[in-house]
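Trainee: Handing you a structure now.
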Amino acid sequence: MFSGFMINAWTEATIIAVIAGVVGFFTVLRGSAFVAHAVPNGAFAGAAGASLLGISTLVGLGVFSLFGALGIGVLGRRGRHDAVTALALVFMLGLGALFVNLSMEYAPEIYSLLFGEVLGISSNELGPTTVLAIVCVVAVAVLYRPLMLSSVLPAAGEARGVSAFRMELCFLTLVALTTTMTVPVVGTLLIFSLMIGAPAAARSFTDRPGHALVLSVAIALITVWLAIGLSYTTNYPVGFFVGTISALSYALGRGWAAWRRSRASRRAGLAAEATGAGT
Amino acid sequence: MSHFLAPVFEPAFFTSTTVQVALAVGGIVALVAGTVGVFTVMRGQSFAGEALGDIGTTGGSGAYLIGVGPLWGFVAISVVAAGAMEAIGIQRPRGRDLATGIVLGAALGLAALFLYLDATQSNTTGATVTILFGSMFAIPTSTIPLVVVLSLTVVAIVAVLYRPLLLSSVSAELAAARGIPVRAVGALYLLALAISVALAAMTIGTILSTALLIGPAATALRLTRRPGAAMLAACLIGLGCTWLGIVLAYDSYAWPPVHVGWPVSFFVVTIIFVLYLLSGVSSLWRQRRPASHPVAPVESVGAGDR
């Protein structure tokens, strides 16, 4: 399980889990799950187009995810944000369908783009991923305070001179970067599980943002490691395990939060108020 | 006349059974999607619609695995997923995207497994592409009765729920104050959404079904504020886009440089997207002028009831 080619898989997956945990935390905080779904999914078209033109998949993914993300940001300013996201996504997917059709790709390649091929990573994919990961981490470190403020209290952010629109574009660029580095490895459909499941679970365990961020990374790491181990031993696709474990960790988080709430309300003897607040 | 239209319609367009079935099914589905889509956009549940479509992949691939028609798989899984989203908390504005996302993630994991099993065990390698991108020219004639029944179910649900659904979509508080069971109405509506997404998934594929659902409705809602008019417009736009897409896709078999035939889904989605962008220009132009509709939808609905 830890021989030659598997070392690449473990390293790559670890980097991806860290980034997905960090960027996913802001995604959940901002309630932008849809964008986190749309950008990686739409970037699939970029990969298909790149293979049609015979250029690097990474370039196609990068261009499509960046243009898709910024397009959503700009168009979403006017009109309904979720409708714009949906339409931008399906337009990119429509292009993807065309590219796939024209290049006459074989189904297994499409499958691996959508659902990932973590066990087939070569060592020359590690370089770009590492570089992009470092860019992501630096960007989050620089933007941490304004991004946090603008995500939690956009109005207060505006009052302090943090433009919500600019922060939205920064955030979307982060999502695009994450997409570019993760899609070749875990696939367009499953980076999403990692970006939503782990942070959502983390937020049910703790209310403090800093703690939640660390916990989110930890849960993402555990999810990915478990998924690779299970996939290696059972031969089933890694995406299946990522999706299932993410959902399970969220269920655990919800259970924990419910248990803590009920204990707290019993202790305070404010059961009536708790049910009032719950509705 | 037929001579005049010859450059538009390739030979044998109207005599081919495949095309007739595609036009019929695509048309019905476009009408249903337009009707439901207006509410989806008004309620801000585009993500739920998109997710239910994607989740259809799980149902479609599972259906291939056990050897039943993919439409059954689409419908079954969408209804189950809609139930799960409702249980996790799609009715709360804050938990909405999260509930959708969690269910979507789990279902896609299952889809990965099913597609893998399809490819390795039952040797249906084409399943991935067919399920994901649809195959309007490969719909068997025998599916039409089922499509009609499901469409009528959706239209019946929307017709029965029309007023309470409209009110609770515009203002949940107002609806609750008037004694409308907002959650039950929302759950029933989600059922209608699930079925119509399943229908759309069969025609233009699971990951593009959102286009038919959201595109025409969002465009219509930019053109008019009145819900009834928007529904009508959405149906017409959806119908037009679908049929035009079918015509173009049929023509594209004759296009240079490669005579491979471009996918119907691509045309439908692109036309819808372009129309949406154009409608943005028109609403921009309307905003420049003095507002001709000073009454916001909230007030108009409330006033109509009073």
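The values are calculated or read from the model by the stated rules, or taken from the named source; none is laboratory data. Small disclaimer: the values here were computed from a predicted structure and weren't measured. FYI the Cβ positions are ideal-geometry reconstructions off the backbone, even for glycines, and counts take in every protein chain you see.
Trainee: If I filter segment A:48-71 for residues that are free of Cβ contacts under 8 Å to residues at least 60 places away in the same chain, more than 14 Å from chain B (Cβ to nearest Cβ), of a type in the set (Phe, Trp, Tyr) and crowded, with 24+ Cβ neighbours inside 10 Å, do I get at least one hit?
Mentor: Checking segment A:48-71: at least one residue is free of Cβ contacts under 8 Å to residues at least 60 places away in the same chain, more than 14 Å from chain B (Cβ to nearest Cβ), of a type in the set (Phe, Trp, Tyr) and crowded, with 24+ Cβ neighbours inside 10 Å.
Trainee: Considering each residue of segment B:259-276, count those that are over 15 Å from A:LEU95 (Cβ atoms), surrounded by fewer than 24 Cβ atoms within 10 Å (Cβ to Cβ) and at the interface with chain A (Cβ under 9 Å from one of its Cβ atoms), and give that number.
Mentor: Just the residues of segment B:259-276 that are over 15 Å from A:LEU95 (Cβ atoms), to begin with: B:259-261, B:275-276.
From what is left, the residues that are surrounded by fewer than 24 Cβ atoms within 10 Å (Cβ to Cβ) are B:259-261, B:275.
Pick out the ones that are also at the interface with chain A (Cβ under 9 Å from one of its Cβ atoms) and you get B:260-261.
Total satisfying the criteria: 2.
Trainee: Another one. Name the single residue, out of those in segment B:199-235 being modelled with pLDDT of 90 or more, within 14 Å of the chain's Cα centre (by Cα) and away from chain A (no Cβ under 14 Å), that is surrounded by the most Cβ atoms within 10 Å (Cβ to Cβ).
Mentor: B:MET231
Trainee: Taking the conditions exactly as written (farther than 20 Å from A:VAL39 by Cα, touching a Lys or Arg at 6+ places or on another chain (Cβ under 8 Å) and in a helix (DSSP H, G or I)), does B:SER252 satisfy them or not? Let's see the steps before the verdict.
Mentor: Values: farther than 20 Å from A:VAL39 by Cα: yes; touching a Lys or Arg at 6+ places or on another chain (Cβ under 8 Å): no; in a helix (DSSP H, G or I): yes.
No.
Trainee: Checking the structure you have, find out if any residue of segment A:61-84 is of a type in the set (Val, Ile, Thr) and closer than 30 Å to A:ALA202 by Cα. Outline the logic, then answer.
Mentor: First, pick out the residues of segment A:61-84 that are of a type in the set (Val, Ile, Thr): A:63, A:72, A:74, A:84.
So of that shortlist, the ones also closer than 30 Å to A:ALA202 by Cα come out as A:72, A:84.
Looking for residues that are of a type in the set (Val, Ile, Thr) and closer than 30 Å to A:ALA202 by Cα, one finds at least one in segment A:61-84, hence yes.
Trainee: Counting residues that are on the phi < 0 side of the Ramachandran plot, more than 19 Å from the chain's Cα centre (by Cα) and modelled with pLDDT under 85, which helices (runs of 4 or more DSSP H) fully inside segment A:166-279 reach at least 3? Reasoning before the result, please.
Mentor: Values: elements: A:191-205, A:209-234, A:238-268, A:271-278.
Per the criteria, A:238-268, A:271-278.
Trainee: Does A:LEU29 count as at pLDDT 80 or above and either within 12 Å of another protein chain (Cβ to nearest Cβ) or assigned to a helix (DSSP H, G or I) (or both)? Steps first, please.
Mentor: Details: at pLDDT 80 or above: yes; either within 12 Å of another protein chain (Cβ to nearest Cβ) or assigned to a helix (DSSP H, G or I) (or both): yes.
So A:LEU29 fits the description; yes.
Trainee: Moving to a separate point now. Could you tell me whether any residue of segment A:234-248 is surrounded by fewer than 17 Cβ atoms within 10 Å (Cβ to Cβ), within 18 Å of A:TRP10 (Cβ to Cβ), hydroxyl-bearing (Ser, Thr, Tyr) and in contact (Cβ under 8 Å) with a residue 12 or more places away in the chain?
Mentor: No; the residues of segment A:234-248 include none that is surrounded by fewer than 17 Cβ atoms within 10 Å (Cβ to Cβ), within 18 Å of A:TRP10 (Cβ to Cβ), hydroxyl-bearing (Ser, Thr, Tyr) and in contact (Cβ under 8 Å) with a residue 12 or more places away in the chain.
Trainee: At pLDDT below 90, touching a helix residue (DSSP H, G or I) at 6+ places or on another chain (Cβ under 8 Å) and on the phi > 0 side of the Ramachandran plot: is that true of B:GLY179 in this structure?
Mentor: Values: at pLDDT below 90: yes; touching a helix residue (DSSP H, G or I) at 6+ places or on another chain (Cβ under 8 Å): no; on the phi > 0 side of the Ramachandran plot: yes.
No, not satisfied.
Trainee: Test A:THR27 against the stated conditions and say whether it is within 10 Å of the chain's Cα centre (by Cα) and of a type in the set (Ser, Thr, Tyr).
Mentor: Working: within 10 Å of the chain's Cα centre (by Cα): yes; of a type in the set (Ser, Thr, Tyr): yes.
Spelling it out, A:THR27 is indeed within 10 Å of the chain's Cα centre (by Cα) and of a type in the set (Ser, Thr, Tyr).
Here's the yes/no breakdown for (1) within 13 Å of another protein chain (Cβ to nearest Cβ); (2) at pLDDT below 85; (3) buried (at least 18 other Cβ atoms within 10 Å of the Cβ):
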site: B:MET85; (1), (2), (3): yes, yes, yes
site: B:THR100; (1), (2), (3): yes, yes, yes
site: B:ASP118; (1), (2), (3): yes, yes, yes
site: B:THR141; (1), (2), (3): no, yes, no
site: B:ILE144; (1), (2), (3): no, yes, no
site: B:THR153; (1), (2), (3): no, no, no
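Here's the yes/no breakdown for (1) over 26 Å from A:LEU248 (Cα atoms); (2) crowded, with 24+ Cβ neighbours inside 10 Å; (3) in contact (Cβ under 8 Å) with a residue 60 or more places away in the chain:
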| residue | (1), (2), (3) |
| --- | --- |
| A:VAL131 | yes, no, no |
| A:VAL138 | yes, no, no |
| A:VAL152 | yes, no, yes |
| A:ARG166 | yes, no, no |
| A:CYS170 | yes, no, no |
| A:LEU194 | no, yes, yes |
| A:ARG203 | no, no, yes |
| A:ASP207 | no, no, no |
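Trainee: Has segment B:172-186 got at least one residue that is assigned to a helix (DSSP H, G or I), within 13 Å of the chain's Cα centre (by Cα) and surrounded by 20 or more Cβ atoms within 10 Å (Cβ to Cβ)?
Mentor: no
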